[in-house]
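S.K.: Sharing a structure here in structure tokens format.
The values are calculated or read from the model by the stated rules, or taken from the named source; none is laboratory data. Everything numeric here is computed off the predicted structure, so don't read it as measured data. Heads up, the Cβs are rebuilt from the backbone with ideal geometry, glycines too, and the neighbour counts pull from every protein chain shown.
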Amino acid sequence: MLRGRPYSRNIMSLSTKKHPQLERLLQQAKPVTLGQSSKVLILSDLHMGNGGRRDDFRRNAELVKAMLESYYLPEKYSLVLNGDIEELFKFPLESIVEKWGYLYDLFLKFERNGFFWKTYGNHDAELLEEKAYPLASSMLKSLKFHYGDETILVLHGHQASVLLWETYPIVSRSVVFFLRYIAKPVGIRNFSTAYNSRRRFAIEKSIYEFSNQAKIVSIIGHTHRPLFESLSKVDFLNFRIEELCRAYPTADSEKRAAIEKKISAMKIELATCYKRGKKIGLRSGLYNSLTIPSVFNSGCAIGKRGITALEIEGNKIRLVYWYNGKQSRKFTSDRDNRPMELDSTGFSRIVLNEDSLDYVFSRLHLLA
Ligand SMILES: [Mn+2]
């Protein structure tokens, strides 16, 4: 009668072996317990260079300094830098430390709020072994937050790549050589960050599958594409428009007007996303029908218009966007969130999306 059981268990054990490297990163991750009053900022992909023209970080350096120094540090946040903080494919470490040394001091100050950790990415993998590196004592391969009985794995995400040079430090060293000494003089621009949408999608999909199997939430960076509850901006807009259309028939006239306004704003936003489709990697369809909210991505800190980041505050998780309010257009959020201006800096923060971790894990356990 029970004949079916061992068979299905076999299938299970086969499928967990599909991602041995991710499994190892989960097992060996540094454990950190989160409490109801914990506050954590997760930032990734700063790609700091030497401050010159080819340094993609340069344009947002002031913003990063201001948000860390005047907001997250006094607000008592701990800090996780989730990989690709230095751009070692293009610049030697010494030139980066020389230019951005004051930021290293600032990062380390977050230890007094609780903790400061830095995971390695493919562009800064060398630093795992580098003893003379200013942040050496904070370097990790991955870390895991314990939230009650639940686990949130924080890793850069390149480990899910099938490309050897993105995954293994030894292979990447020859790539570093290629990029620094050959690609640079010849003028191949952004060779290393030219992620096409198929590759991004493959990485997101592996981490999505793995997280669902392990019944954990993963927080990644690497692809530079923000994800909240496994949804990209395009997915999110589609879902929200769908929800609003459903709410419309039963709404009163005042609410209907509000819904109409929201939908037309989101349609414009969506059209803009499709127009920029190639660049942002439109590929979607991680899911058959139901979305399991198991993957979050902090995006990156080298955006032309601003920076995305993830915040955990007690039982809440948020995707936030920081930008220069004097230069960028006013940012609209469907959630009626007002931007918060940071004193007189001209920089603003807006919450793009927020949910409770209890909701996230309930949904994960019900659906995965
Ligand atoms: Mn990366």
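S.K.: Looking at segment 208-257, which of the residues that are hydrophobic (A, V, I, L, M, F, W, C) and exposed (fewer than 13 other Cβ atoms within 10 Å of the Cβ) is nearest to the ligand (Cβ to nearest atom)?
M.R.: First pass over segment 208-257, keeping only residues hydrophobic (A, V, I, L, M, F, W, C): 210, 214, 216-217, 219-220, 227-228, 231, 234, 236-237, 239, 241, 244-245, 247, 251, 257.
Then drop every residue that is not exposed (fewer than 13 other Cβ atoms within 10 Å of the Cβ), which leaves 245, 247, 257.
Working: C245: 37, A247: 39, A257: 45 Å.
Selected residue: C245.
S.K.: Something else about it: Taking the condition under 16 Å from the mean Cα position of the chain (by Cα) and of a type outside the set (A, V, I, L, M), does H123 pass? I'd like the intermediate steps shown before the answer.
M.R.: Values: under 16 Å from the mean Cα position of the chain (by Cα): yes; of a type outside the set (A, V, I, L, M): yes.
So H123 passes the test.
S.K.: Return the pair list, or none, for Cβ contacts closer than 6 Å from residues in segment 82-98 that are assigned by TED's automatic domain parsing to the domain that holds F115 and under 16 Å from A301 (Cα atoms) to residues that are small (G, A, S) and within 11 Å of the ligand (Cβ to nearest atom), at least 6 apart or on different chains.
M.R.: Final answer for the pair search is N82/S44; N82/G221; G83/S44; G83/G121; G83/G221; D84/G121.
S.K.: Next question, about the same structure. Given the criteria modelled with pLDDT of 85 or more, outside any loop (DSSP other than H, G, I, E, B) and more than 15 Å from L227 (Cβ to Cβ), does I350 qualify?
M.R.: Details: modelled with pLDDT of 85 or more: yes; outside any loop (DSSP other than H, G, I, E, B): yes; more than 15 Å from L227 (Cβ to Cβ): yes.
Judged against the criteria, I350 is a match.
S.K.: Given the criteria at pLDDT 75 or above, among the aromatic types (F, W, Y) and either at negative phi or part of a helix (DSSP H, G or I) (or both), does F210 qualify?
M.R.: yes
S.K.: Considering each of L88, L103 in turn, give the residue that is buried (at least 19 other Cβ atoms within 10 Å of the Cβ) and within 19 Å of T308 (Cβ to Cβ). Lay out the reasoning, then the answer.
M.R.: Details: L88 fails: within 19 Å of T308 (Cβ to Cβ).
When all the criteria are applied, what remains is L103.
S.K.: Would you confirm whether any residue within segment 183-204 is over 30 Å from L366 (Cβ atoms), at pLDDT 95 or above and surrounded by fewer than 22 Cβ atoms within 10 Å (Cβ to Cβ)?
M.R.: no
S.K.: I'm checking my understanding of the structure. Among residues of segment 110-136 that are closer than 17 Å to K90 by Cβ and of a type in the set (G, A, S), which one is farthest from the ligand (Cβ to nearest atom)?
M.R.: If we take residues in segment 110-136 being closer than 17 Å to K90 by Cβ and of a type in the set (G, A, S), then A125 is farthest from the ligand (Cβ to nearest atom).
S.K.: Between a residue in segment 112-139 that is within 23 Å of L22 (Cα to Cα) and outside any loop (DSSP other than H, G, I, E, B) and any residue that is within 16 Å of the ligand (Cβ to nearest atom) and of a type in the set (G, A, S), which pairs come within a Cβ distance under 6 Å, given they are 6 or more apart or on different chains?
M.R.: Pairs that qualify, where the first residue is within 23 Å of L22 (Cα to Cα) and outside any loop (DSSP other than H, G, I, E, B) and the partner is within 16 Å of the ligand (Cβ to nearest atom) and of a type in the set (G, A, S), are T119/G83; T119/S142; A125/S172.
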